[in-house]
Amino acid sequence: MKLLYIEDNAEAAADLTALLARQGTQVVWEMRGADGLRRAALEPFDAIILDRMLPDMDGLEIVQKLRDSGVGAPVLMLSALGRASNRVEGLDAGVDDYLAKPYEPDELTARLKALVRRAEGRTHSAIIIYGQFECHVKARTAFRRNQHIALSPKEFELFRYFMENAGDTVTRDMLLRDVWKMNFDPQTNVVDVNIGRLRRKLESGFATPALETIWGSGYRLTRGD
Amino acid sequence: MVAGPSLTLPLPPGSHRRSIFGVLLGRALLFTLAALALLFGVTVWESWQATERSLAATVDTDIAGLADIYAINGEGELLARLADRSTMIGLEGRQARYLAMRPDGPRLAGNIAAWPDLAPALSEQGFVTLDDGTAVYARATRLAPGLNLLVARTYERDWQALVRMMVLFGAGALGVVLVTFAMGRRAASTLRRRVKDISRAFRVAEDGGRPDLPDSAYDDEIGELAELSTRSITRSANLAHTHRHMSDHIAHEIRTPLTHLDGRLVSALRTLPPGSDPAVLEQGRKDIRGVVTMLDSLLDIASSEARVGDPAGLIEVDLSALADDLVDLYAGSAEEAGITLRSVIEPGVRLPGEAMQLTRLISNLLDNALKYVPRGGQVSLAVAHGPVIEVRDDGPGVEPALRGTVFARFTKGQTAGGHSSHGLGLALARAIALRHGMHIALVKSRQGAHFVIKPHAMWEGEEGAA
């Protein structure tokens, strides 16, 4: 995977480049917005990570120019402006995802993977199968090793989200944003509790866990084997 | 009495309000028309009265002369003079008409064929139409017991003069009305445009755009209003820009070093020697997130308070659906905590608002209730038309010492599970309520805490009104 990172802060850029390099991702760093724009227009990238407050340009303006010039790479805005209203502004302006600093390294990589997968247009069929799990999207039913699991409508939405991101970390913010349509953290354990209820239903009668907790960042669906 | 802004959806540009200038122009035209009609009536009536007086004077003078002739020279001379005068036309264009008759019928002299309906014994006078169709002003008189005399004057010229005057007056009045209408319409159009420019500038500024500032070059009241509006719009825009700029920079300047610090803690955790306890480093990372959360809450409160009364960004929100989703989200947490979460949500409750902010408002109140209510307790959420939002619980309630400051920043109570918080949740709830034209209050209840949020007007005279 090859990413473009537009960030004026050298220390932040070094941290992120080192983090992604450990996972085999190549990161091209540009310090100025104008240089980043030029680079994005000249080279293909799987995704662009963009700071919002750059000395020469506003990140939202860069997104607009990228889209106007036909650059279709998904954009993750990584910003020190992390309030709910800032996120809404970013998403309204056309960024594909918004992550506030300071961030969890696992959360950043999870979001990047989800973004790239979405951009590659990997769509899921009516039935998603991962390990022992099956998700029948149209019938809205869930199975583990061919055994039906009764889920409430919201639990099914959660299960489907995990199946669509099977094998990858799904963060609390991703769940709040994509399942509950909330751009802020309620500060209580509502996500953990709802995941706990889903986990109990997915694991009832089975010896192996269905969901792993990734400390500090989120959860990952196992194959159930 | 509660004072506060009430919010409505912003009017679309060029919305159809009645123009005060159009109304004023209409009224001015109606007044002009009424005044001209009255003046016309008075003038015509007075002119006709003058004509009648002139005719009466002419006829009376003629009768007086003829009476003298009869008295001095007798009936024969009188009849001869009547024959002479019957052919004369006066300088004013009035033809003289006479008739001398015996009271019992025989006609003696004159150029009138038959006696009109005027009584000589009563010396009656007035406008009459003769047998030949001629309209005259006439007076009948009895010169002697056996002699009746009728003297008349035609008034066709007088009538024609009056008609000419009426036509000229009407044309002049129509001209005055048309000129008044044209000038009034032009003035109304100019004034309407100038006031619309001011309104448009406010509307564009409210929507967050950069307005063309209204023209304040005119040295009149609207020019002064335009000047004051320009100052107000510019000041508001500068304040909003400065506030936003400051908020963004504060967030950036605090979050950036915290991000570096967090990065160093992550590196330290990664390179921690085997067997070492990572708890201190992990607590350090948690503390960083706590500071960030507190900073965001403070900035959100400031942002909501700064936008009180500003309808920009508010769109119609289905509060019922939003509340249903939140009950669904919190049901698990409540069950886990051994708390019964009830909801009474009327369908179709809508208001102009920011969905995310309203979600946060209710979410903060539910978070608060779940934190303070012990196992076995109850929390309820009610949403009704008004809109009215109520969150109540049967927990320990708010300590009496804190009731007055419960919505102030950093006010913290003793939670059931020892949860930590910055004491900003209710302050943010209050700021969001104000932003949406509503007031939040902690109202009295027999047990637990009872929060009510509704529009300012609905609080009038109630406990909890601010």
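The values are calculated or read from the model by the stated rules, or taken from the named source; none is laboratory data. Owing to the predicted nature of the structure, the values given are computational and were not obtained by experimental measurement. Quick reminder, even Gly has a Cβ in these numbers, built from the backbone with ideal geometry, and neighbours come from all protein chains shown.
Numbers at a glance
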quantity: Set B:GLY65, B:GLY93, B:GLY22, B:GLY105: member being outside any helix (DSSP H, G or I) and touching a helix residue (DSSP H, G or I) at 6+ places or on another chain (Cβ under 9 Å); calculated: B:GLY93
quantity: Scope the range A:50-79; condition part of a strand (DSSP E or B) and either more than 14 Å from every other protein chain (Cβ to nearest Cβ) or more than 19 Å from the chain's Cα centre (by Cα) (or both); matching residues; calculated: A:LEU50, A:MET53, A:ASP58, A:VAL75, A:LEU76
quantity: Selection status of B:LEU261, outside any loop (DSSP other than H, G, I, E, B), touching a residue at least 12 places away in the same chain (Cβ under 8 Å) and within 13 Å of chain A (Cβ to nearest Cβ); calculated: yes
quantity: Pairs where the first residue, in the range B:421-448, is touching a residue at least 12 places away in the same chain (Cβ under 8 Å) and within 14 Å of chain A (Cβ to nearest Cβ) and the second is of a type in the set (D, E, K, R) and outside any loop (DSSP other than H, G, I, E, B), C-beta under 6 Å, 6+ apart; calculated: B:LEU428/B:ASP300; B:ALA431/B:GLU305
quantity: Residue identified as of a type in the set (Asp, Glu) and modelled with pLDDT under 85 among B:GLU399, B:GLU390; calculated: B:GLU399
quantity: Top-ranked residue of the range A:93-140 - restricted to ones that are surrounded by fewer than 16 Cβ atoms within 10 Å (Cβ to Cβ) and among the polar types (S, T, N, Q), ranked as nearest to the other protein chains (Cβ to nearest Cβ); calculated: A:THR123
quantity: Flag for B:ARG350 being closer than 30 Å to B:ALA237 by Cα, surrounded by fewer than 22 Cβ atoms within 10 Å (Cβ to Cβ), more than 14 Å from chain A (Cβ to nearest Cβ) and out of contact with any Phe, Trp or Tyr (no Cβ under 8 Å at 6 or more places or on another chain); calculated: yes
quantity: Test: residue in the range A:181-191 that is assigned to a helix (DSSP H, G or I), within 14 Å of chain B (Cβ to nearest Cβ), crowded, with 17+ Cβ neighbours inside 10 Å and not β-branched (Val, Ile, Thr); calculated: no
quantity: Residue satisfying all of: in the range B:182-201; of a type in the set (A, V, I, L, M, F, W, C) and surrounded by fewer than 16 Cβ atoms within 10 Å (Cβ to Cβ); farthest from B:ALA35 (Cα to Cα) among these; calculated: B:ALA187
quantity: Condition check for B:VAL344: at pLDDT 90 or above, among the β-branched types (Val, Ile, Thr), assigned to a strand (DSSP E or B) and under 38 Å from the mean Cα position of the chain (by Cα); calculated: no
quantity: Among residues of the range B:271-312, those that are in contact with a Pro (Cβ under 9 Å, 6 or more places away or on another chain) and within 10 Å of chain A (Cβ to nearest Cβ), counted; calculated: 4
quantity: Residues within the range A:81-109 that are of a type in the set (A, V, I, L, M), part of a loop (DSSP other than H, G, I, E, B) and over 11 Å from A:LEU50 (Cα atoms), tallied; calculated: 1
quantity: Every residue from the range A:153-170 that is away from chain B (no Cβ under 14 Å) and either in a loop (DSSP other than H, G, I, E, B) or at pLDDT 90 or above (or both); calculated: A:PHE159, A:ARG160, A:TYR161, A:PHE162, A:MET163, A:ASN165, A:ALA166, A:GLY167, A:ASP168
quantity: Positions within the range B:358-378 being among the aliphatic types (A, V, I, L, M) and away from chain A (no Cβ under 12 Å), in sequence order; calculated: B:VAL373
quantity: Some residue of the range B:329-339 being part of a helix (DSSP H, G or I) and surrounded by fewer than 16 Cβ atoms within 10 Å (Cβ to Cβ); calculated: yes
quantity: Some residue of the range B:360-369 being crowded, with 20+ Cβ neighbours inside 10 Å and either of a type in the set (Gly, Ala, Ser) or more than 26 Å from B:ALA302 (Cβ to Cβ) (or both); calculated: yes
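Residue by residue, here is whether (1) touching a residue at least 24 places away in the same chain (Cβ under 8 Å); (2) of a type in the set (Lys, Arg) holds:
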{"position": "B:LEU191", "(1), (2)": "yes, no"}
{"position": "B:SER232", "(1), (2)": "no, no"}
{"position": "B:SER236", "(1), (2)": "yes, no"}
{"position": "B:ALA240", "(1), (2)": "yes, no"}
{"position": "B:ARG255", "(1), (2)": "yes, yes"}
{"position": "B:VAL266", "(1), (2)": "no, no"}
{"position": "B:GLY275", "(1), (2)": "no, no"}
{"position": "B:ASP287", "(1), (2)": "no, no"}
{"position": "B:VAL292", "(1), (2)": "yes, no"}
